[in-house]
Amino acid sequence: MIRTAVASGLALATVLSGAIALAGTPAESAATAADADKFVAEAEKTLAEASVDGNRVGWINATYITDDTDALAAQVGARLTLLGVKYASEAAKYQKVAGLSPDTKRKLDILRNGVSLPAPSRPGAADTLSQIATKLQSDYGKGKGMLDGKPINGSDIEAAMGSTRDPAKLQEMWTSWNDNVGASSKADFARMIDISNEGAKELGYQDVGAMWRSGYDMTPEQFAAMTDRLWKQVEPLYKSLHTYVRWKLNEKYGDAVQPKTGPIRSDLLGNMWAQEWGNIYDIVAPKGVGDIGYDTAALLTAKGYDPVKMVRAGEGFYSSLGFAPLPDTFWTRSQITKPADRDVVCHASAWDIDNKTDLRIKMCTKVNADDFVTIHHELGHNYYQRAYMNQPFLYENGANDGFHEAIGDFIALSITPDYLVKIGLLDQSRVPSADKDTGLLLRQAMDKVAFLPFGLMVDKWRWGVYSGAIKPDSYQSSWDALRLQYQGIKPPVARDGTRFDAGAKYHVAASVSYVRYFLARVLQFQFYQAACKQAGWTGPLHRCSFYGNKQVGANLQKMLEMGQSKPWPDALQAFTGTREISGQALVDYFAPLKKWLDQQNKGKPSGW
Ligand code: X8Z
Ligand code: ZN
């Protein structure tokens, strides 16, 4: 269960704590629906209280990594895991009781699926698992790569991958990061997989991957099929973009660096994981229609924005929709920039420490376009958390984890040129005219479309690892094969079986499931299309900004405050009118670009 820290390893791995008093529960044969109600009420109360300590310790550990905070986090993590597993196995028994109310049934399902890294019951296993999980996340936080022969930390190397254009330096950064951060974690990772799989089996799941796929109001098989269906909807768009981008990279770097055919060299794409490519828009922008006349980083710098001012701007968007301002404690307790004197987990996350209003973000913000979007993303988590704070504890969560990841991104789709004018970042005279629509769409596609295959392949890989289809000696080869199959990319240098590039991605190190981001990429366009319709927008979809629209805000609030109380199609319907998750809204948004790309691509090699 994702509780408070969204995409924060500790709170994800470990939700619950304390000792429970469930003496004499008539779990198996004699239990009645009333017993089940009582069990759920007790579990809910205990968990609500226990989660707060876990959140506090998790926050301190992630913002101040030392051996001591690691030890404390591992300790509390083990306690929470034990408690969560105990409730999960008891919930499984109550599930069979006749005459359960819909809420009790739903809460039992949530309890049963509530631990993202379950420990087996044998003595010591929870401690070992929690120690490994904590170490993996902290090692990632402390990880370094090299640039110009000198060590460089995670947030700096991420930014440098976006701005560097020298292939030798890109290769140095890419290789050092993957070699240092990935390979060193391989043995710990493999042990974590084995132990947590043992735990999942005790709870009646095939493996942890199947357990993760069971959190979507459908069977794990239906869920996997649903993600494949969504991918098929958007794959042609990705292929068109890939063809075009490869051509442009070949023009810039020449055959020796980027050949005209075959996969794209992954370190050339402006991002350590080649997951979003917007940072190399300058390389792919077509003359004329591609000249959108501004770039977000330059605007922020020119107007004197610092990280705090960027977060204020994000808050301003939500306020314009009618959401209450963030509490003062958000500003005093958040980590907005990287502390100079200590190790932290820089990967962005959003927290709700007390399950009420103690909202925080944890970022190592830089003044650039990526982090401007990430701020809106993280705040989306915080506003969601606050919107559902009056739900019972077990419903204090997103409709599914893809919803949680989609809210802030959906808001950020409204960062249009006209919106930038409204908040004083862009001068009216520099708003790109209609003939620059191709450029605006291409810039957006470089982030949104490029991400889709990555969003899916990370967990395709992990599902394979958890199922046993992928063994440690093929961690690397299977990762490379999926990167090639889905993304059409390849590493800049050959990788042998001792490498572990998957482990150099935060969510793998921190055991945060990843398919949520794939769902979110799709959902955010559904939300956006619906919001623009609610706002009465009739122009090209990508020019729509619902900034300031209180009606959209009120409708959104209705979906958010449902939390996890109903199956996710109910929440989707509440805001969009449909119960179907679909890639069509994304396809509609980019339809003019697809047409343009396919014209450009005529006669060029495509595929890999
Ligand atoms: O991890 C995140 C967020 C934190 S929940 C910053 N994202 C994914 C990533 O960085 O890999 C957002 C987009 C995808
Ligand atoms: Zn997120």
| message | If I filter region 313-360 down to residues being among the aliphatic types (A, V, I, L, M) and in contact with a His (Cβ under 8 Å, 6 or more places away or on another chain), which single residue comes out as farthest from Gly553 (Cα to Cα)? | response | Ala348
| message | Of the conditions (1) assigned to a loop (DSSP other than H, G, I, E, B); (2) within 21 Å of the chain's Cα centre (by Cα), Pro339 satisfies every one except a single condition; which number is it? | response | (2)
| task | Only residues in region 554-571 that are more than 18 Å from Gln524 (Cβ to Cβ) count as the first member; pair them with residues that are among the polar types (S, T, N, Q) and in a loop (DSSP other than H, G, I, E, B), Cβ under 7 angstrom, at least 6 apart or cross-chain, and list the lot. | result | Gly563/Gln391; Gly563/Asn397; Gln564/Asn397; Ser565/Gln391
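Table: residues versus (1) surrounded by 20 or more Cβ atoms within 10 Å (Cβ to Cβ); (2) touching a helix residue (DSSP H, G or I) at 6+ places or on another chain (Cβ under 9 Å).
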| site | (1), (2) |
| --- | --- |
| Lys232 | no, no |
| Glu251 | no, yes |
| Val257 | no, yes |
| Thr261 | no, yes |
| Gly270 | yes, yes |
| Asn279 | yes, yes |
| Gly290 | no, yes |
| Pro307 | no, yes |
| message | Only one of Leu108, Leu12, Leu80 is buried (at least 24 other Cβ atoms within 10 Å of the Cβ), at pLDDT below 95 and not in a loop (DSSP other than H, G, I, E, B). Can you tell me which? | response | Leu12
| task | Take Asp447 and decide whether it is part of a helix (DSSP H, G or I) and buried (at least 21 other Cβ atoms within 10 Å of the Cβ). | result | yes
| Scan of region 540-577 for residues that are within 25 Å of Leu394 (Cα to Cα) and hydroxyl-bearing (Ser, Thr, Tyr), ordered by number | Ser565, Thr576
| query | Inside region 207-289, counting only helices (runs of 4 or more DSSP H) that do not spill past its ends, which hold 2 or more residues that are under 24 Å from Leu441 (Cβ atoms) and at pLDDT 95 or above? | reply | 220-253, 281-284
| field | Positions within region 377-432 being polar (S, T, N, Q), outside any helix (DSSP H, G or I) and more than 16 Å from ligand 1 (Cβ to nearest atom), in sequence order | value | Asn390, Gln391, Ser414, Thr416
| task | Please give the helices (runs of 4 or more DSSP H) falling wholly within region 457-546 in which 2 or more residues are away from ligand 1 (no atom under 15 Å from the Cβ). | result | 475-482, 515-534
| field | Verdict on Ser433 being away from ligand 2 (no atom under 16 Å from the Cβ), among the polar types (S, T, N, Q) and either more than 27 Å from Met218 (Cα to Cα) or buried (at least 19 other Cβ atoms within 10 Å of the Cβ) (or both) | value | yes
| Residue, nearest to ligand 2 (Cβ to nearest atom), within region 321-364, restricted to residues that are crowded, with 20+ Cβ neighbours inside 10 Å and hydroxyl-bearing (Ser, Thr, Tyr) | Ser349
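The values are calculated or read from the model by the stated rules, or taken from the named source; none is laboratory data. All values reported here derive from a predicted model rather than from experimental measurement. Virtual Cβ from ideal backbone geometry, glycine too; neighbours counted across all protein chains shown.
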